[in-house]
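The structure appears right after this line, and notes come after that.
The values are calculated or read from the model by the stated rules, or taken from the named source; none is laboratory data. This structure is a prediction, so every number in the text was calculated from the model and none was measured. Reconstructed Cβ throughout: ideal geometry from the backbone, glycine too, with neighbour counts over all protein chains shown.
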Amino acid sequence: MLYRESRLISTNAILTLGYVGVNLRYTQNRKTVESVLQIFQQRFCSPPTVLDSIIVDQLANIVIAGCVCINQHYVTTYATIQICKIRACLGLQYPD
């Protein structure tokens, strides 16, 4: 029971951060969005969990929303993850 509640809290926190990142993308002070991106980067795959897919989803929402402070690193990471998912669905091995 405690594990499910903890996971629900973590999921809601990630979704809320993503929502904040999308809705505050055009403010003059970009530190809020940069802080959201930094939190996602620190949490992503450290260690790998089921929450990583939610983080990727929220990063994609921020990119699609046209966040001006998103850098190429996030776009490349997202593209790599998507390619690996497609390869896994097709039964192909992951690239080295």
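Quick notes on this structure:
- Screening 30, 25 for residues that are free of Cβ contacts under 8 Å to residues at least 60 places away in the same chain, touching a helix residue (DSSP H, G or I) at 6+ places or on another chain (Cβ under 7 Å), closer than 20 Å to residue 78 by Cβ and not hydroxyl-bearing (Ser, Thr, Tyr) leaves exactly one candidate, 25.
- Helices (runs of 4 or more DSSP H) within the chain that include 1 or more residues modelled with pLDDT under 75 and among the β-branched types (Val, Ile, Thr): 72-89
- Among the residues of region 11-55, those that are among the β-branched types (Val, Ile, Thr), surrounded by fewer than 17 Cβ atoms within 10 Å (Cβ to Cβ) and within 22 Å of residue 80 (Cβ to Cβ) comprise 39, 49, 50.
- Filtered by the rule that a residue be over 12 Å from residue 17 (Cα atoms), without any contact (Cβ under 8 Å) to a residue 40 or more places away in the chain and of a type outside the set (Val, Ile, Thr), region 44-68 gives 44, 45, 46, 47, 48, 52, 53, 60.
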